[in-house]
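Reviewing the structure listed below.
The values are calculated or read from the model by the stated rules, or taken from the named source; none is laboratory data. Since we're looking at a predicted model, the values are computed, not measured. Reconstructed Cβ throughout: ideal geometry from the backbone, glycine too, with neighbour counts over all protein chains shown. For accessibility, only protein heavy atoms count, side chains too; no ligands or nucleic acids. Shrake-Rupley method; radii C 1.70, N 1.55, O 1.52, S 1.80 Å.
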Amino acid sequence: METLLNPSKTPNLFIPRTHFFKLSFLHSNFNPQPHSSFSRRPLSITITCKVKTSQGRKNDGKNISKKIVLTDSAPELSNEEIKAKPKGGGKAWGVIKKFPKRVLAILSNLPLAIGEMFTVAGLMALGTAIDQGESPEYYFQKYPEENPIFGFFTWRWVLTLGFDHMFSSPVFLGTLILLGTSLMACTYTTQIPLVKVARRWSFLQSADSIRKQEFSDTLPQASVSDLGVILMGAGYKVFLKGPSLYAFKGLAGRFAPIGVHLAMLLIMAGGTLSATGSFRGSVTVPQGLNFVMGDVLGPTGFLSTPTEAFNTEVHVNKFYMDYYDSGEVSQFHTDLSLFDMNGKEVMRKTLSVNDPLRFGGITIYQTDWSFSALQILKDGEGPFNLAMAPLTINGDKKLFGTFLPVGDTDSSNVKGISMLARDLQSIVLYDKQGKFAGVRRPNSKLPIEIDGTKIIIIDAIGSSGLDLKTDPGVPAVYAGFGALMLTTCISYLSHAQIWALQDGTTVIVGGKTNRAKAEFPDEMNRLLDQVPEIVESSISKKPDNIGG
């Protein structure tokens, strides 16, 4: 470097040796402070230097000149410098800039994420143990203050924390949001940088660096180009740069953790949408009657929004059951017709257990049944419909009964014929004294005479128990679980990296992998055994670049 000083106006200039001259394109400011005895007059200094760049020697022989003006006082700050250095707030500004990084570091902490997952799992288990959606009186009786569970758990915990609707409670949703934030922070701070590093073509120029890898070996009388061909045949992506080689495979395994995190976020988002944006309801409808979907469905959360399908009218055409040879119920079916607001039938289907009906985002499930009425003829008159009432005898929940008065119905002590049934296929009859009189099947048209009254059972009318629901989060949950299974399998793929360096007639090879560490040396030895030994004259040739 040549430095030309032209102090035309300022004699005897003294510049301390501690000052360094740096060019402006190196982003440094030169602010010398002249001796205080000098007057404030500018000093012009012309610096001429030759610069060699990393892109070869294209700039050889070219001079770069820079004129620097020196004064005995510091220059005024520009507007940009003033904004970059706020007065009196340097430390505060630094804390504010570091605040997001500190938050991300806390959220991406692995023990915190594991604790959040266990908390979510515990709340889900608690929501399964506690009956959901019941009235407050139910929890008053189930969890009384006089006899608290574990000595402290009463109905106040259930109603105050929203455990009666656990999966839409603020506690559960807040924990779920915190877990999702931790997953996103971990992806941003850890997984994405790992993928970026794995995608770089990292050439090692030192033989010592290659020998420090998990696996290393030396191939005498070999060519790095031949090694590259062998690695390409084994599925590696190979890159050559002069005497150096870099190869990798299984990069998808590095992307898999990101996919796992995204799949978990999708599952949690779908579950949250299901808990806060669904409608649910149940109804028991006798054969031949109607109901409107919107009258049955009730919202489960603050995101629940009704659709046009809520105005659909449902008509129960027929309800019937299938039986085993032993007489037990094997399956029950409901023939349904759906009508729009204009009375036009838009759909008809016979649904059964595990075979629901889906229409307009609403799913109708066959879940239960009941006995609605018994249709009979009495002494040739009728038909009469006798309502069947559910009875509970010795814990038998599926028992129904009705009563046919005989004689003076205005008497305070009315007597008559009792009829009991456990299903729709047989009716048991008892006389006025409660003695067994016989059994008749509906539609058999076989009469039976009891206490002078002739009875024919025409039909047994059942009621269909239906559950209705809308669940907008189901597609997201299913997609999330599918992606989770796929990315979990992909995450077991090994990401292997291999480096090699041509050193004269010798090739130094090294490599490492993140999984299958026991199998990796065997694979490397098998590949290196395939590299041919060549004569020295062919090694001196410069290898061609290989890309894969």
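Only one entry in Lys432, Lys469 is at negative phi, in a loop (DSSP other than H, G, I, E, B) and not hydrophobic (A, V, I, L, M, F, W, C), namely Lys432. Based on this model, can you work out whether Gly151 counts as loosely packed, with under 14 Cβ neighbours inside 10 Å, part of a loop (DSSP other than H, G, I, E, B) and free of Cβ contacts under 8 Å to residues at least 12 places away in the same chain? Here the answer is yes, as Gly151 does meet what is asked.
Residue count for the range 269-286 under the criterion of being of a type in the set (A, V, I, L, M, F, W, C) and open to solvent by 30 Å² or more (accessible area, probe 1.4 Å): the result is 3.
Quick one: is Lys378 within 25 Å of Gln287 (Cα to Cα), surrounded by fewer than 12 Cβ atoms within 10 Å (Cβ to Cβ) and not β-branched (Val, Ile, Thr)?
Values: within 25 Å of Gln287 (Cα to Cα): yes; surrounded by fewer than 12 Cβ atoms within 10 Å (Cβ to Cβ): no; not β-branched (Val, Ile, Thr): yes.
No, not satisfied.
The residues of the range 211-256 include none that are at positive phi and among the charged types (D, E, K, R).
One line per residue, one yes/no per condition, for (1) crowded, with 19+ Cβ neighbours inside 10 Å; (2) not in a loop (DSSP other than H, G, I, E, B):
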site: Ser202; (1), (2): no, no
site: Gln205; (1), (2): no, no
site: Leu219; (1), (2): yes, yes
site: Val229; (1), (2): no, yes
site: Val314; (1), (2): yes, yes
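The set of residues from the range 262-312 being in contact with a Ser or Thr (Cβ under 6 Å, 6 or more places away or on another chain), in a loop (DSSP other than H, G, I, E, B) and among the aliphatic types (A, V, I, L, M) comprises just one member, Leu303. Which one of Lys512, Lys541, Lys469, Lys454 is open to solvent by 50 Å² or more (accessible area, probe 1.4 Å) and modelled with pLDDT under 90? Exactly one residue qualifies, and that residue is Lys541. Whenever a residue of the range 375-404 is modelled with pLDDT of 90 or more, its partners that are aliphatic (A, V, I, L, M) and not in a strand (DSSP E or B), lying with C-beta atoms within less than 8 angstrom and at least six residues away or across chains, give the pairs Phe400/Met388; Gly401/Met388; Thr402/Met388. In this structure, Asn385 does not qualify as open to solvent by 20 Å² or more (accessible area, probe 1.4 Å) and outside any strand (DSSP E or B).
Residues that are assigned to a loop (DSSP other than H, G, I, E, B) and among the polar types (S, T, N, Q) were ranked within the range 323-353; the one that is most open to solvent (accessible area, probe 1.4 Å) is Asn342.
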